[in-house]
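Quick notes on the structure that follows.
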Amino acid sequence: MMVSNQRPSREAREESEEEGQEEIGAEVRGEELEEEENGHSPSHLPFAPSSELPDTTTVDPSYIISLIRKLLPNNIRTQKQCQNATYNLYPVETSKECPLEENMVEESNYMNKVADTEANNNSAPHNIVNDSEGSSSTNDRFVDWTYSSASTYNGMGPDSRNQDTGSDDNAWEDSGCIIWDLSASRTHAEFMVNNFMLEVLLASLHSSKSPRITEICLGILGNLACHDVSSKAMASKDGLIEMVINQLYLDDSPCLSETFRLLTVALHGTGSTLWAKALLSEQTCLRIIWIVGNTLNSTLLEKSIDFLLTVINNKEVSNVLLQPWIKLGLLNLVVNLLSCEMSNLDDENKPNRTSFLDPVLCLVEALSTIDCGLETIFPNDELSHLVCRVIKLPEKYEYTSPCVSAVVIIANFLLDGKHIASQLSQDHEFLQGLLETIPLVSDDLQARGALWCILETLLVQIEEREISISSLHHIVSLFMEKSSLIMDDLDGHYMEGSNTGAILRTLLRIASIIEEWYGRKNEKIEETANIVDSDAKVQRLLHYCNKYSSMLSSPNVQE
């Protein structure tokens, strides 16, 4: 169930930039001005393709400063107005209830002086555009280029977004959305940080009672964290990291989504260790695990899983956080997430919703590569059974990416849990699913190598001379039915990759099983008649196995 956010459109933002440029002295002919105000380009000046548009835009610095000033909390702006009116009559007594706001008075005073200086250099006024409707889009992995003007609440706690926040909050939101947009640019982000953007956002987060204002503050911080200079400034700003961590205790899904996005970006930055240490609190860890395991909001689930992946994949961060989180139930969370996703696939009566099978499996895959051993962190076989169910899915082309991840995970399982191999070697449905997965891993050398390693490990467990003729016949039937997949893979990847040893040993095992079956196929069983007509396929597969095993065993082939 996706959250449907209304966000300002690219056209609306372009119009706001055009209006700002017109107000600072741009000269445009009357006819062209009228057409541009209507959102249409003059006939002799068509719009350039988006791929040819410049990556940067020019925005008057004093306009950005005026927007930053509009984001000051009301109490600070009121104090500023009183200070201007009674400066020569009475001293202004700042509030002692909040040290942050007390510091912000001095910082905002200095910022106002900077703004006045910039405004004197350019006397043209700047208006804030109030157009805030449109659709959402994303330009890259982390930077959020467009923003919601009325995020749809969905999921975690009481819905406080339906309350009337007043005209002041609406004006703040308009200015905040423009700042959010501009902060996607590195140049603008650095300018904002140099002009007390972090102090203003910190004060707004401290005093805000509006979930929408909090969401915008976190969104702006998330964009600022994408740029090196502003990211370093955030990591060194007193109280900012702690303030962001505190937002994890909100019950508003959009705010939590932006918090996880911000944390994900911050953990990729140069100050990742500082952020990781701030997340070490047991209460914070338990809160994160609870959110991921209980949210029904698809956007929040996506952002929180991305955050967990970042924690696991970043070595410096995982050294700080992973072991404490494992002790607090991270692994049970992962198993429950995968179990839930598989249940949703099996239950046709459940309404359609966004599937998170792929990101959850990416999470399992990341955990399967850590050094402490899978048998240590996953003491029972529940997770391996769930992953094997992915391989058994009937419509594999609808789940290509999950199947590829599942192959890599199972290969890692077999390295650490040898007892699983014995169970899987007797599961003919799993063997069939694994053979059907061969074309899906064809373009991924790592996954292809993992698949052949799995086949080798399973076939070594099969003692063809000891098993019944019925079981032997069933295994050969599977090889016969999927022989074209095996042969196509061998033809398409001849001498390719670094896992030729596993392929060679697998082909030798297949050939041995087929030859044993030939020696015993005259034993009377009902199924034998079904394969007589396909004897040519078995012979051809045996020929391929002997041919390629001979090639791969050549001294010229390097493993």
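The values are calculated or read from the model by the stated rules, or taken from the named source; none is laboratory data. Remember, it's a predicted structure, so these values are computed and weren't measured experimentally. Cβ sites come from the backbone with ideal geometry, for glycine too, and all protein chains shown count toward neighbours.
Below is a table of values for the structure above.
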{"read-out": "Residues of the range 167-182 that turn out to be of a type outside the set (A, V, I, L, M, F, W, C) and under 18 Å from His227 (Cα atoms), as a count", "value": "1"}
{"read-out": "Meets criteria (modelled with pLDDT under 95 and in contact with an Asp or Glu (Cβ under 6 Å, 6 or more places away or on another chain)) for Ser210", "value": "yes"}
{"read-out": "Of all residues making up the range 441-480, the number that are assigned to a loop (DSSP other than H, G, I, E, B) and over 24 Å from Ala406 (Cα atoms)", "value": "6"}
